[in-house]
Amino acid sequence: PKPDEADDPITKQLTGLVTRAELNVGFAELRSAIEVAAESQRSAIESQRSAIEVAAESQRSDVRSLVTEFRGEVTELRGEVRVGATAFLFSLLLLGVLVYVGYADLSADVTKVYADLSADVTKVYADLSAD
């Protein structure tokens, strides 16, 4: 503008309006760009959240299957311990029976040997008494 027009109130007002209009357009463009970027970020965050939830569910599923497997193994071990304990107790009972039978058999043998020895001593004594 010419120097005399720059001081003109209408020119000042029009220049201000143009500047405000340009600023409003600039702000609208900036706002639009921010909204697009924000929506993109929301979408990326939602996508990551979904991926995390899928991974977490997979981990929970893996943990559940491990716990189920562990419980099965514990149950199996309990059964094996019961069988082992029963077999051990049965073995102790059988050993006790064998010791008792062995002792009874040994006692019978000792009694027989004592009786035979006693008979022999009596015979020798009788023979010596006869002489």
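The values are calculated or read from the model by the stated rules, or taken from the named source; none is laboratory data. Everything numeric here is computed off the predicted structure, so don't read it as measured data. Cβ sites come from the backbone with ideal geometry, for glycine too, and all protein chains shown count toward neighbours. Quick note on the areas: whole protein, heavy atoms, side chains included, nothing else; ligands and nucleic acids left out. Shrake-Rupley method; radii C 1.70, N 1.55, O 1.52, S 1.80 Å.
Considering only protein heavy atoms and a 1.4 Å probe, what is the carbon-and-sulfur percentage of the accessible area of the chain?
65
How big is the Rg/Rh ratio for the chain, C-alpha atoms only, Rh by Kirkwood, two decimals?
Checking Rg against Rh, the ratio lands at 2.02.
Where nothing but the Cβ of Lys and Arg (+1) and of Asp and Glu (-1) is charged, how large is the charge dipole of the chain around its Cα centre, in debye to the nearest 20?
340
Compute the separation of the alpha-carbon centres of the range 55-74 and the range 75-105 and state it in Å as a whole number.
Cα centroid to Cα centroid, the span is 38 Å.
Which angle from 0 to 90°, rounded to the nearest 10, does the C-alpha axis of helix 9-130 make with the longest principal axis of the chain?
0
Suppose we look only past 18 Å in the calculated P(r) of the range 61-122. What percent of the Cα-Cα pairs does that tail hold?
Value for the range 61-122 (Cα pairs over 18 Å): 67 percent.
How many Å² of accessible area per residue for the chain, probe 1.4 Å?
89
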